[in-house]
Amino acid sequence: AKQQRTCISFPSNKQRFATKKSSPIFNSNVVISLLIHQFALIMIRALRKRCTEKGFDLCDPIHTQWYNNLIEKEGHVTKGTLQKISTPPTISEKSDANDATLKYNAVLIGNSKSIWPKFIDWLSLQYGMKLEHSKEQSEQSKQDILNQVLNDNPFDTFVTSTLSNVFQSCFAEQILNGNEVVSQLSSYEFYWSNGVHYNVALNDRATDNDESNRHTTGDYHCFANDEPSSFLLCMQRAAKVTGQYWHDEEGTKLCVHPKFGTWKAFRAVVVFHTKNKANDTNDSIIPEAPPLCPCPLSEEEIQKARESMEYALKVSGYSNGYAASRGSSGTDDLCQYLHNSVSSGSDWSKVSPSMRPWIQLRDCISVGREEYKYCDNQILYHYTKDVDILKRELNLDR
(Lines give C-alpha, C1' and ligand atoms only; values in the text may rest on other atoms or scores of the structure.)
Protein backbone atom coordinates (compact mmCIF):
# COMPACT_ATOMS: atom_id res chain seq x y z
CA ALA A 1 0.00 0.00 0.00
CA LYS A 2 1.29 3.43 -0.92
CA GLN A 3 2.11 5.51 2.12
CA GLN A 4 -0.03 8.59 2.47
CA ARG A 5 2.07 11.72 2.65
CA THR A 6 1.26 14.88 4.53
CA CYS A 7 1.95 17.97 2.45
CA ILE A 8 2.96 21.04 4.43
CA SER A 9 2.82 24.37 2.63
CA PHE A 10 4.73 27.44 3.74
CA PRO A 11 4.04 31.08 2.91
CA SER A 12 6.68 32.68 0.76
CA ASN A 13 9.48 34.64 2.34
CA LYS A 14 7.97 37.77 0.83
CA GLN A 15 4.68 37.13 2.58
CA ARG A 16 6.24 36.10 5.88
CA PHE A 17 8.79 38.86 6.24
CA ALA A 18 7.26 41.77 4.38
CA THR A 19 8.81 44.91 5.94
CA LYS A 20 8.64 48.60 5.28
CA LYS A 21 11.46 50.04 3.21
CA SER A 22 12.06 52.56 5.91
CA SER A 23 12.99 49.90 8.47
CA PRO A 24 16.42 51.00 9.75
CA ILE A 25 17.68 47.61 10.98
CA PHE A 26 17.59 44.17 9.38
CA ASN A 27 18.97 41.47 11.68
CA SER A 28 19.66 38.28 9.71
CA ASN A 29 20.08 36.24 12.89
CA VAL A 30 16.59 37.15 14.02
CA VAL A 31 15.16 36.20 10.61
CA ILE A 32 16.95 32.84 10.71
CA SER A 33 15.65 32.27 14.23
CA LEU A 34 12.10 33.08 13.14
CA LEU A 35 12.42 30.73 10.17
CA ILE A 36 13.53 27.89 12.43
CA HIS A 37 10.79 28.60 14.94
CA GLN A 38 8.09 28.66 12.25
CA PHE A 39 9.39 25.36 10.89
CA ALA A 40 9.28 23.82 14.35
CA LEU A 41 5.68 24.83 14.88
CA ILE A 42 4.64 22.86 11.82
CA MET A 43 7.17 20.03 11.99
CA ILE A 44 6.60 18.94 15.57
CA ARG A 45 2.91 18.45 14.82
CA ALA A 46 3.74 16.60 11.62
CA LEU A 47 6.14 14.34 13.51
CA ARG A 48 3.56 13.61 16.16
CA LYS A 49 0.96 12.78 13.55
CA ARG A 50 3.22 10.49 11.55
CA CYS A 51 4.66 8.78 14.61
CA THR A 52 1.16 8.08 15.90
CA GLU A 53 0.11 6.66 12.55
CA LYS A 54 2.98 4.16 12.79
CA GLY A 55 2.21 3.14 16.38
CA PHE A 56 4.54 5.52 18.25
CA ASP A 57 1.90 7.55 20.05
CA LEU A 58 4.18 9.15 22.65
CA CYS A 59 6.15 12.14 21.37
CA ASP A 60 7.21 14.49 24.17
CA PRO A 61 9.34 17.62 23.64
CA ILE A 62 12.44 17.79 25.80
CA HIS A 63 15.43 20.09 26.20
CA THR A 64 18.66 18.14 26.44
CA GLN A 65 20.02 20.54 29.06
CA TRP A 66 17.27 19.37 31.45
CA TYR A 67 18.57 15.84 31.11
CA ASN A 68 22.21 16.94 31.49
CA ASN A 69 21.39 18.90 34.64
CA LEU A 70 19.62 15.90 36.18
CA ILE A 71 22.36 13.34 35.59
CA GLU A 72 24.98 15.82 36.79
CA LYS A 73 22.97 16.54 39.94
CA GLU A 74 22.66 12.82 40.61
CA GLY A 75 26.43 12.36 40.30
CA HIS A 76 26.39 10.15 37.22
CA VAL A 77 28.63 12.47 35.18
CA THR A 78 31.31 12.52 37.87
CA LYS A 79 31.13 8.74 38.34
CA GLY A 80 31.16 8.16 34.58
CA THR A 81 27.99 6.04 34.60
CA LEU A 82 26.20 8.45 32.25
CA GLN A 83 27.41 11.11 29.83
CA LYS A 84 25.94 14.45 28.88
CA ILE A 85 24.36 14.73 25.45
CA SER A 86 24.64 17.54 22.94
CA THR A 87 22.77 20.79 23.61
CA PRO A 88 21.96 22.53 20.32
CA PRO A 89 20.03 25.84 20.11
CA THR A 90 16.53 26.01 21.56
CA ILE A 91 13.55 25.71 19.21
CA SER A 92 10.26 27.44 20.03
CA GLU A 93 6.68 26.86 18.95
CA LYS A 94 3.25 28.02 19.96
CA SER A 95 1.28 25.27 21.65
CA ASP A 96 -2.44 24.84 21.14
CA ALA A 97 -3.29 25.72 24.73
CA ASN A 98 -3.49 29.38 25.78
CA ASP A 99 -1.02 30.43 23.09
CA ALA A 100 1.84 29.28 25.33
CA THR A 101 5.34 28.96 23.91
CA LEU A 102 6.96 25.53 23.94
CA LYS A 103 10.76 25.50 24.02
CA TYR A 104 12.83 22.37 23.35
CA ASN A 105 15.59 20.96 21.15
CA ALA A 106 14.69 17.26 21.08
CA VAL A 107 11.81 14.81 21.37
CA LEU A 108 11.38 11.59 23.35
CA ILE A 109 9.63 8.94 21.26
CA GLY A 110 7.75 6.01 22.77
CA ASN A 111 4.67 3.88 22.37
CA SER A 112 1.73 2.34 24.16
CA LYS A 113 -0.01 -0.90 23.14
CA SER A 114 -0.88 0.73 19.81
CA ILE A 115 2.47 -0.35 18.36
CA TRP A 116 1.63 -4.06 18.32
CA PRO A 117 -0.85 -4.22 15.40
CA LYS A 118 1.42 -1.89 13.39
CA PHE A 119 4.35 -4.23 14.02
CA ILE A 120 2.37 -7.32 13.00
CA ASP A 121 1.23 -5.59 9.79
CA TRP A 122 4.84 -4.67 9.02
CA LEU A 123 6.02 -8.20 9.79
CA SER A 124 3.40 -9.69 7.49
CA LEU A 125 4.52 -7.32 4.74
CA GLN A 126 8.19 -8.29 5.18
CA TYR A 127 7.33 -11.97 4.93
CA GLY A 128 5.11 -11.41 1.90
CA MET A 129 7.75 -9.41 0.03
CA LYS A 130 10.44 -12.02 0.64
CA LEU A 131 8.09 -14.74 -0.57
CA GLU A 132 7.26 -12.74 -3.67
CA HIS A 133 10.93 -12.30 -4.58
CA SER A 134 11.90 -15.88 -3.84
CA LYS A 135 12.55 -18.16 -6.79
CA GLU A 136 11.78 -21.21 -4.70
CA GLN A 137 8.15 -21.72 -3.64
CA SER A 138 8.44 -25.07 -1.92
CA GLU A 139 7.14 -25.52 1.62
CA GLN A 140 10.70 -25.83 2.87
CA SER A 141 11.64 -22.60 1.14
CA LYS A 142 8.67 -20.80 2.69
CA GLN A 143 9.65 -22.10 6.11
CA ASP A 144 13.24 -20.95 5.63
CA ILE A 145 12.05 -17.47 4.65
CA LEU A 146 9.72 -17.32 7.65
CA ASN A 147 12.53 -18.32 10.02
CA GLN A 148 14.79 -15.68 8.50
CA VAL A 149 12.19 -12.96 9.05
CA LEU A 150 11.27 -14.03 12.58
CA ASN A 151 14.76 -14.74 13.89
CA ASP A 152 16.38 -11.52 12.66
CA ASN A 153 15.37 -9.35 15.65
CA PRO A 154 12.21 -8.20 13.83
CA PHE A 155 10.70 -5.91 16.47
CA ASP A 156 13.87 -3.85 16.95
CA THR A 157 14.31 -3.66 13.19
CA PHE A 158 10.71 -2.45 12.86
CA VAL A 159 11.30 0.27 15.47
CA THR A 160 14.52 1.63 13.98
CA SER A 161 13.48 1.41 10.33
CA THR A 162 10.01 2.87 10.89
CA LEU A 163 11.12 5.82 13.01
CA SER A 164 14.08 6.49 10.71
CA ASN A 165 11.70 6.64 7.76
CA VAL A 166 9.22 8.85 9.63
CA PHE A 167 11.86 11.47 10.38
CA GLN A 168 13.49 11.18 6.98
CA SER A 169 10.21 11.62 5.11
CA CYS A 170 9.20 14.67 7.15
CA PHE A 171 12.46 16.44 6.38
CA ALA A 172 12.86 15.17 2.81
CA GLU A 173 9.42 16.43 1.81
CA GLN A 174 10.39 19.99 2.64
CA ILE A 175 13.77 19.65 0.94
CA LEU A 176 12.04 18.47 -2.25
CA ASN A 177 9.75 21.50 -2.04
CA GLY A 178 12.81 23.76 -1.97
CA ASN A 179 11.81 25.31 1.33
CA GLU A 180 14.42 27.66 2.81
CA VAL A 181 13.39 26.87 6.37
CA VAL A 182 14.72 23.33 6.23
CA SER A 183 18.03 24.61 4.89
CA GLN A 184 18.67 26.17 8.30
CA LEU A 185 18.49 22.77 10.01
CA SER A 186 21.62 20.71 9.54
CA SER A 187 20.82 17.31 11.05
CA TYR A 188 18.98 15.25 13.61
CA GLU A 189 20.64 12.90 16.07
CA PHE A 190 19.25 9.52 17.18
CA TYR A 191 19.92 8.20 20.67
CA TRP A 192 18.23 4.78 20.58
CA SER A 193 17.21 2.98 23.74
CA ASN A 194 19.56 0.11 22.85
CA GLY A 195 22.67 2.31 22.98
CA VAL A 196 23.01 2.82 19.22
CA HIS A 197 23.76 6.45 18.41
CA TYR A 198 24.23 8.29 15.12
CA ASN A 199 23.63 11.58 13.36
CA VAL A 200 21.64 11.99 10.14
CA ALA A 201 22.46 15.01 7.94
CA LEU A 202 19.56 16.58 6.10
CA ASN A 203 21.31 16.14 2.79
CA ASP A 204 21.68 12.40 3.41
CA ARG A 205 19.62 10.13 1.21
CA ALA A 206 19.47 7.08 3.46
CA THR A 207 17.44 4.20 2.11
CA ASP A 208 15.97 1.00 3.45
CA ASN A 209 19.15 -0.70 2.27
CA ASP A 210 21.34 1.40 4.56
CA GLU A 211 22.14 -1.34 7.04
CA SER A 212 24.05 0.90 9.42
CA ASN A 213 20.92 2.90 10.15
CA ARG A 214 18.35 0.12 10.14
CA HIS A 215 19.54 -2.70 12.37
CA THR A 216 20.43 -2.91 16.02
CA THR A 217 23.27 -4.80 17.63
CA GLY A 218 21.03 -6.77 19.96
CA ASP A 219 21.84 -4.87 23.14
CA TYR A 220 18.84 -3.20 24.70
CA HIS A 221 17.69 -0.38 26.98
CA CYS A 222 19.97 -0.45 30.01
CA PHE A 223 23.51 -0.40 28.72
CA ALA A 224 25.59 0.67 25.74
CA ASN A 225 27.02 -1.95 23.45
CA ASP A 226 30.70 -2.41 22.61
CA GLU A 227 30.56 -0.46 19.35
CA PRO A 228 32.60 2.78 19.30
CA SER A 229 29.47 4.75 18.32
CA SER A 230 27.37 3.42 21.19
CA PHE A 231 26.08 5.88 23.76
CA LEU A 232 24.03 5.12 26.82
CA LEU A 233 21.17 7.55 27.40
CA CYS A 234 18.88 6.78 30.34
CA MET A 235 15.39 6.85 28.86
CA GLN A 236 13.73 6.88 32.28
CA ARG A 237 15.56 10.06 33.25
CA ALA A 238 14.82 11.66 29.89
CA ALA A 239 11.15 10.82 30.46
CA LYS A 240 11.26 12.25 33.97
CA VAL A 241 12.41 15.71 32.88
CA THR A 242 9.60 16.02 30.32
CA GLY A 243 7.25 16.32 33.30
CA GLN A 244 4.97 13.67 31.81
CA TYR A 245 6.15 10.63 33.81
CA TRP A 246 6.70 9.76 37.45
CA HIS A 247 9.91 7.82 38.03
CA ASP A 248 10.17 5.42 40.99
CA GLU A 249 13.90 5.85 41.52
CA GLU A 250 14.15 4.13 44.89
CA GLY A 251 12.18 0.96 44.37
CA THR A 252 10.97 -0.50 41.08
CA LYS A 253 12.81 1.92 38.72
CA LEU A 254 9.57 2.02 36.71
CA CYS A 255 8.34 5.12 34.90
CA VAL A 256 4.58 5.55 35.35
CA HIS A 257 2.48 7.68 33.01
CA PRO A 258 -0.70 9.19 34.53
CA LYS A 259 -2.74 7.81 31.61
CA PHE A 260 -0.92 4.71 30.31
CA GLY A 261 0.60 3.62 33.62
CA THR A 262 3.45 1.18 33.04
CA TRP A 263 2.09 0.06 29.66
CA LYS A 264 4.44 2.08 27.49
CA ALA A 265 8.02 1.89 26.28
CA PHE A 266 10.65 4.43 25.24
CA ARG A 267 12.38 3.99 21.91
CA ALA A 268 14.59 7.01 21.18
CA VAL A 269 15.53 10.57 21.96
CA VAL A 270 15.96 12.59 18.75
CA VAL A 271 17.96 15.83 18.96
CA PHE A 272 17.61 18.62 16.37
CA HIS A 273 20.67 20.56 15.16
CA THR A 274 20.89 23.83 13.23
CA LYS A 275 23.65 25.18 11.01
CA ASN A 276 23.80 28.42 12.96
CA LYS A 277 25.00 29.04 16.47
CA ALA A 278 22.50 30.25 19.02
CA ASN A 279 21.99 34.01 19.04
CA ASP A 280 22.15 35.99 22.26
CA THR A 281 18.46 36.92 22.50
CA ASN A 282 16.54 33.68 22.03
CA ASP A 283 18.22 30.40 21.24
CA SER A 284 21.04 30.57 23.80
CA ILE A 285 18.58 30.79 26.71
CA ILE A 286 17.89 27.42 28.33
CA PRO A 287 14.16 27.20 29.06
CA GLU A 288 12.98 26.34 32.53
CA ALA A 289 12.22 22.65 32.93
CA PRO A 290 8.56 21.76 33.47
CA PRO A 291 7.39 20.70 36.94
CA LEU A 292 8.04 17.05 37.71
CA CYS A 293 5.08 14.73 37.34
CA PRO A 294 3.46 14.05 40.73
CA CYS A 295 3.24 10.45 41.84
CA PRO A 296 -0.02 8.95 40.49
CA LEU A 297 0.10 5.98 42.91
CA SER A 298 -0.95 5.49 46.50
CA GLU A 299 1.63 4.62 49.15
CA GLU A 300 0.10 1.15 49.41
CA GLU A 301 0.49 0.55 45.69
CA ILE A 302 4.08 1.79 45.71
CA GLN A 303 4.91 -0.57 48.55
CA LYS A 304 3.24 -3.49 46.76
CA ALA A 305 5.23 -2.73 43.60
CA ARG A 306 8.49 -2.60 45.52
CA GLU A 307 7.74 -5.93 47.18
CA SER A 308 7.08 -7.37 43.72
CA MET A 309 10.43 -5.98 42.59
CA GLU A 310 12.26 -7.61 45.48
CA TYR A 311 10.58 -10.93 44.74
CA ALA A 312 11.47 -10.72 41.05
CA LEU A 313 15.10 -10.01 41.95
CA LYS A 314 15.13 -12.90 44.39
CA VAL A 315 13.82 -15.55 42.01
CA SER A 316 16.22 -14.26 39.33
CA GLY A 317 19.19 -14.47 41.67
CA TYR A 318 19.84 -10.73 41.90
CA SER A 319 18.47 -9.85 45.32
CA ASN A 320 21.75 -9.62 47.26
CA GLY A 321 23.65 -6.41 46.66
CA TYR A 322 21.54 -5.31 43.73
CA ALA A 323 21.52 -1.66 44.76
CA ALA A 324 25.30 -1.69 45.08
CA SER A 325 25.68 -3.21 41.63
CA ARG A 326 23.78 -0.52 39.73
CA GLY A 327 25.92 0.66 36.84
CA SER A 328 28.14 -2.42 37.11
CA SER A 329 28.15 -5.80 35.41
CA GLY A 330 25.43 -6.97 37.82
CA THR A 331 22.93 -4.56 36.33
CA ASP A 332 24.17 -5.34 32.82
CA ASP A 333 23.58 -9.05 33.40
CA LEU A 334 20.06 -8.40 34.65
CA CYS A 335 19.25 -6.19 31.65
CA GLN A 336 20.70 -8.81 29.33
CA TYR A 337 18.43 -11.40 30.92
CA LEU A 338 15.28 -9.25 30.79
CA HIS A 339 15.66 -7.73 27.34
CA ASN A 340 17.90 -9.95 25.22
CA SER A 341 17.31 -13.52 26.34
CA VAL A 342 15.14 -15.74 24.17
CA SER A 343 13.03 -18.26 26.04
CA SER A 344 9.94 -20.38 25.65
CA GLY A 345 6.82 -18.36 26.30
CA SER A 346 4.26 -18.80 23.54
CA ASP A 347 1.65 -19.07 26.29
CA TRP A 348 1.63 -18.31 30.01
CA SER A 349 2.14 -21.93 31.02
CA LYS A 350 5.53 -21.95 29.25
CA VAL A 351 6.92 -18.77 30.83
CA SER A 352 9.80 -19.58 33.16
CA PRO A 353 9.25 -19.03 36.92
CA SER A 354 12.12 -16.52 36.99
CA MET A 355 10.63 -14.39 34.18
CA ARG A 356 7.01 -14.38 35.31
CA PRO A 357 7.54 -12.02 38.31
CA TRP A 358 9.03 -9.38 36.02
CA ILE A 359 5.88 -9.41 33.90
CA GLN A 360 3.73 -9.25 37.02
CA LEU A 361 5.71 -6.23 38.25
CA ARG A 362 4.16 -4.08 35.55
CA ASP A 363 0.75 -5.53 36.17
CA CYS A 364 0.67 -4.66 39.87
CA ILE A 365 0.28 -0.96 38.99
CA SER A 366 -3.42 -0.15 38.56
CA VAL A 367 -3.01 3.11 36.61
CA GLY A 368 -3.82 2.49 32.94
CA ARG A 369 -4.12 -1.26 33.41
CA GLU A 370 -7.78 -1.66 32.47
CA GLU A 371 -7.61 0.29 29.22
CA TYR A 372 -3.98 0.21 28.08
CA LYS A 373 -2.53 -3.11 29.20
CA TYR A 374 -0.77 -4.96 26.39
CA CYS A 375 -2.47 -8.00 24.90
CA ASP A 376 -1.06 -11.38 25.94
CA ASN A 377 0.89 -11.88 22.73
CA GLN A 378 2.56 -8.47 23.04
CA ILE A 379 3.46 -9.02 26.70
CA LEU A 380 4.82 -12.50 26.12
CA TYR A 381 6.85 -11.59 23.06
CA HIS A 382 8.46 -8.53 24.65
CA TYR A 383 9.67 -10.65 27.56
CA THR A 384 10.46 -14.01 25.90
CA LYS A 385 11.14 -13.24 22.19
CA ASP A 386 9.46 -16.58 21.41
CA VAL A 387 8.93 -16.61 17.63
CA ASP A 388 5.99 -19.00 17.99
CA ILE A 389 4.02 -15.98 19.20
CA LEU A 390 4.70 -14.20 15.91
CA LYS A 391 3.78 -17.29 13.91
CA ARG A 392 0.46 -17.34 15.75
CA GLU A 393 -0.12 -13.67 14.96
CA LEU A 394 0.61 -14.32 11.28
CA ASN A 395 -1.66 -17.42 11.31
CA LEU A 396 1.37 -19.54 10.39
CA ASP A 397 1.56 -21.64 13.54
CA ARG A 398 0.02 -24.74 12.01
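Using a 1.4 Å probe on the protein heavy atoms, what percent of the accessible area of region 54-153 belongs to carbon and sulfur? Present the calculation step by step, with values, prior to reporting the outcome.
On the way: 2410 of 5030 Å².
C and S atoms contribute 48 percent here.
Where the accessible area of region 356-398 is counted over protein heavy atoms with a 1.4 Å probe, how much of it, in %, is carbon and sulfur? Write out the running numbers ahead of the final one.
Numbers: 790 of 2020 Å².
In region 356-398, the share of accessible area belonging to carbon and sulfur is 39 percent.
Sum up the charges of everything whose Cβ sits under 15 Å from the Cβ of Phe56, counting Lys and Arg as +1 and Asp and Glu as -1, but leave Phe56 out. Please report the intermediate quantities before stating the final value.
Details: positive: Arg45, Arg48, Lys49, Arg50, Lys54, Lys113, Lys118, Lys264, Arg267; negative: Glu53, Asp57, Asp60, Asp121, Asp156.
Around Phe56, the charge tally is +4.
Sorting check: for 117-128, 72-83, 132-143, which peptide has the highest mean count of neighbouring beta carbons within 10 Å, and how do the rest follow? Write down the numbers at each step before the final one.
Working: 117-128: 16.3, 72-83: 13.0, 132-143: 9.6.
Taking the mean over residues of other Cβ atoms within 10 Å, the ranking is 117-128, 72-83, 132-143.
The values are calculated or read from the model by the stated rules, or taken from the named source; none is laboratory data. All values derive from a computational prediction rather than experimental measurement. With ideal geometry, Cβ positions are generated from the backbone for all residues, glycine too; neighbour counts draw on all protein chains shown. Quick note on the areas: whole protein, heavy atoms, side chains included, nothing else; ligands and nucleic acids left out. Shrake-Rupley method; radii C 1.70, N 1.55, O 1.52, S 1.80 Å.
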